[in-house]
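To start, the structure itself, in structure tokens.
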Amino acid sequence: MDQNSEILRNHKLKITETRLLVLDAFSKKSYAMSHSDLEMVLESKLDRVTLYRTLNSFEEKGLIHTVHKGDKVLRYALCKGGCAKNHIDSHVHFSCTECDHIYCMNQTEIPPVQIPGNFKADNFYFLIEGVCETCA
């Protein structure tokens, strides 16, 4: 059994050609990708709905997580070390202002944040903007 099939099995996902194709696309990139990015990488081998459903099932099973940049475009990143099961990520994301790629900085933890007692936080995101090592 190949590595991607094993990953799907470990996340309790049925091994299908579609899922293997999408997982392979994530495995080949070191940065988060939007739905449009994935469509380009996959060269339209999947229709939009199938891709959305695959992304939803991957996220539900903890294989990927969404990355928020502050715009309305959702990006998805493959979960590795530092990705919490409930998808409240305990790591920083880095957004390159040159190439627009977003990277998970799994080794960098988000410092504790104190909020007033009358506020209740549901999610938090920590995004650093700058120039990535490839563009530097």
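Is there any pair linking a residue in the stretch 1-12 that is of a type in the set (Lys, Arg) to one that is at pLDDT 95 or above, with Cβ under 7 Å and at least six apart or on different chains, and which?
From the stretch 1-12, the pairs are ARG9/ILE15.
Of everything in the stretch 44-82, what is surrounded by fewer than 17 Cβ atoms within 10 Å (Cβ to Cβ), touching a residue at least 40 places away in the same chain (Cβ under 8 Å) and of a type in the set (A, V, I, L, M)? Give them in sequence order.
Scanning the stretch 44-82 gives a single hit, LEU74.
Filter the stretch 56-77 down to the residues that are out of contact with any Leu (no Cβ under 7 Å at 6 or more places or on another chain) and either β-branched (Val, Ile, Thr) or part of a strand (DSSP E or B) (or both) and list them by number.
HIS65, VAL67, VAL73, ARG75, ALA77
Please list, ordered by first then second residue, the pairs with beta carbon atoms under 9 Å, 6 or more apart or interchain, first in the stretch 116-136 and part of a loop (DSSP other than H, G, I, E, B) and at pLDDT below 85, second of a type in the set (A, V, I, L, M, F, W, C) and open to solvent by 100 Å² or more (accessible area, probe 1.4 Å).
From the stretch 116-136, the pairs are ALA121/VAL113; PHE124/VAL113.
Quick one: in the stretch 82-115, which of the residues that are of a type in the set (S, T, N, Q) and part of a strand (DSSP E or B) is modelled with the highest pLDDT?
SER95
The values are calculated or read from the model by the stated rules, or taken from the named source; none is laboratory data. This is a predicted model, so every value here is computed, not measured. No Cβ is skipped: glycine too gets one built from the backbone with ideal geometry, and neighbour counts run over all protein chains shown. Side chains included, ligands, DNA and RNA excluded: accessible areas come from the protein's heavy atoms. Shrake-Rupley method; radii C 1.70, N 1.55, O 1.52, S 1.80 Å.
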